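Undergrad: Below is the structure I would like to discuss, written out as structure tokens.
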Amino acid sequence: MQMPPEGRNWDDLRAEMIARGHGDVDWRSGRTAVYVFNAGEDIHHVQQDAYGLFMSENGLGPLAFPSLAQMEKDVVSMALDLLHGPAGAAGAMTSGGTDSITMAMKAARDFARANGNPPSDHNIVLPRSAHLAFDKAAHLMDISVRRVPLKGDGSYEADPAAMAEAIDASTIMIVGSAPNFPHGIIDPIAALGEIANAKDVWLHVDACVGGYFAPFARMNGVPVPAFDFEVPGVRSMSADLHKYGYCAKGASTVLFRSEELYRHMPFSMRDWSGAPMKTPTLAGTRPGGAISAAWAVMNVLGVSGYREKQGIVCATREKIEAGVRALGFEILGKPQLGLVAFRHPEAETLALYSAIRARGWFTSFTAEPASLHLMLSPKHAEVADAYLADLAASLDAVRNGVSAPKVEARYS
Ligand SMILES: *Cc1c(COP(=O)(O)O)cnc(C)c1O
């Protein structure tokens, strides 16, 4: 495409853009269980409206926009309250989980340097199931990654004893997920916390996908084990607002047990031609809309709204678990939140994945072991029966050797 020599009419362009979207997955109907969190039309409108109110404002300028600075503070304080942040805990909003994880690692690295650790040759110790954002950040900062196999007992949990063995004097961070993305399982954070304390190493809990889910599941009576700042060894956490916080995209939180740990995150400089500048996260300019939309959604839902939505998601997951078990599938581990992965002993997963895709469902895939994967939203309560019926039909087709055109199971 070349830029049109003369600008085009907005109404025409708008219609063209809507038409372009017609080739995308139909997430609004609930037939998508990855990438999008569908909390309903009302929340969608709050996101849109609240985003628009501060769309041109810039979170980079707290002096110019005290409104945004205060909304960010409010969001961080709501987050710390939900996740048992002790007095003096601190944090910031970022553009997403990858940004939050990168900044937590940067803080841990600079904390290590400030405390006399070697300036280079650092490593981090991760369970096999931790998100690739850690590897990306490690690549950027020249930190090596030690991925440790999970417990071999079918729980799909991190193995604290094996992780302890991988730690050495150059380890600047160990990680547990709450939950991990591939299996939706919460790692044994309390056991990792004991190791972190015993070895005096930084423990980060990646609650990107569970941070705004697990607290409400607990309030609803789900026996979620301690996974947040309640565990003494946890020094930092990542929790994404644009996932189960149901906020507009471009919003996450990175949280620290204390101001002393937090202060290793921001970057500031005065030695250049411009005025002294300080940026707390990876971004310079920060979209005001992502902050205002998060503030609005959290306030519009409140504790009761989140409890209701996460209750619906848990009930839907239980219904799907029962339905797929009845079809002979095995659930990986014991998921407690909104993610679930399952495989069938007699049907090849990729063939099933292709068959269910051909029936209009855009879901995802776990590689180890090969399984179907769902990330559920409240909207899925309305379509769980239709999904199970299509899954049963897909299973029949695959067993009878009627195969759909094979699609690749990948994210990009
Ligand atoms: C989504 C996710 C991330 C990365 O978050 P982005 O917002 O996609 O950058 C990290 N960890 C876990 C467990 C996630 O589910």
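The values are calculated or read from the model by the stated rules, or taken from the named source; none is laboratory data. Just so it is clear, the model here is predicted, and its values are computed rather than measured. Note: ideal-geometry Cβ built from the backbone for every residue, glycine included; neighbour counts use all protein chains shown. Side chains included, ligands, DNA and RNA excluded: accessible areas come from the protein's heavy atoms. Shrake-Rupley method; radii C 1.70, N 1.55, O 1.52, S 1.80 Å.
Undergrad: When you scan region 194-202, do you find a residue that is within 11 Å of the ligand (Cβ to nearest atom) and either in the same structural domain as Gly116 (by TED's automatic domain parsing) or open to solvent by 10 Å² or more (accessible area, probe 1.4 Å) (or both), even just one?
TA: Initial filter on region 194-202 (within 11 Å of the ligand (Cβ to nearest atom)): none.
No, region 194-202 contains no residue that is within 11 Å of the ligand (Cβ to nearest atom) and either in the same structural domain as Gly116 (by TED's automatic domain parsing) or open to solvent by 10 Å² or more (accessible area, probe 1.4 Å) (or both).
Undergrad: With the structure loaded, tell me whether His139 is within 16 Å of the ligand (Cβ to nearest atom), in the same structural domain as Leu203 (by TED's automatic domain parsing) and more than 21 Å from Ala207 (Cβ to Cβ) or whether it fails that test. Give the steps one after another, and end with the answer.
TA: Details: within 16 Å of the ligand (Cβ to nearest atom): yes; in the same structural domain as Leu203 (by TED's automatic domain parsing): yes; more than 21 Å from Ala207 (Cβ to Cβ): yes.
Yes; evaluated as a whole, the condition is true for this residue.
Undergrad: Condition first: away from the ligand (no atom under 16 Å from the Cβ) and in a helix (DSSP H, G or I). Now tell me which residues in region 73-100 satisfy that.
TA: Matches in region 73-100: Lys73, Asp74, Val76, Ser77, Met78, Leu80, Asp81, Leu82.
Undergrad: Now, a different point. Which residues, taken from region 324-376, are assigned to a strand (DSSP E or B) and more than 21 Å from Tyr156 (Cα to Cα)?
TA: Within region 324-376, the subset assigned to a strand (DSSP E or B) is 330-331, 339-343, 362, 364-366, 371-375.
Listed by number, the list holds a single entry, Phe362.
Rundown of residues vs (1) assigned by TED's automatic domain parsing to the domain that holds Met78; (2) buried (at least 18 other Cβ atoms within 10 Å of the Cβ); (3) within 13 Å of the ligand (Cβ to nearest atom), yes/no style:
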| site | (1), (2), (3) |
| --- | --- |
| Ser238 | yes, yes, yes |
| Arg270 | yes, no, no |
| Pro276 | yes, no, no |
| Pro287 | yes, yes, no |
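Undergrad: If you don't mind, another one. Could you check region 289-313 and list, in sequence order, the residues that are surrounded by 19 or more Cβ atoms within 10 Å (Cβ to Cβ) and charged (D, E, K, R)?
TA: Answer for region 289-313, where residues must be surrounded by 19 or more Cβ atoms within 10 Å (Cβ to Cβ) and charged (D, E, K, R): just Lys309.
Undergrad: Further, regarding this structure: With the checklist (1) more than 20 Å from the chain's Cα centre (by Cα); (2) outside any loop (DSSP other than H, G, I, E, B) in hand, flag the one item Gly289 doesn't pass.
TA: (1)
Undergrad: If I ask for residues that are assigned to a loop (DSSP other than H, G, I, E, B), under 24 Å from the mean Cα position of the chain (by Cα) and of a type in the set (Gly, Ala, Ser), which ones from region 377-412 would you list?
TA: Of everything in region 377-412, those that are assigned to a loop (DSSP other than H, G, I, E, B), under 24 Å from the mean Cα position of the chain (by Cα) and of a type in the set (Gly, Ala, Ser) turn out to be Ser377, Ala409, Ser412.
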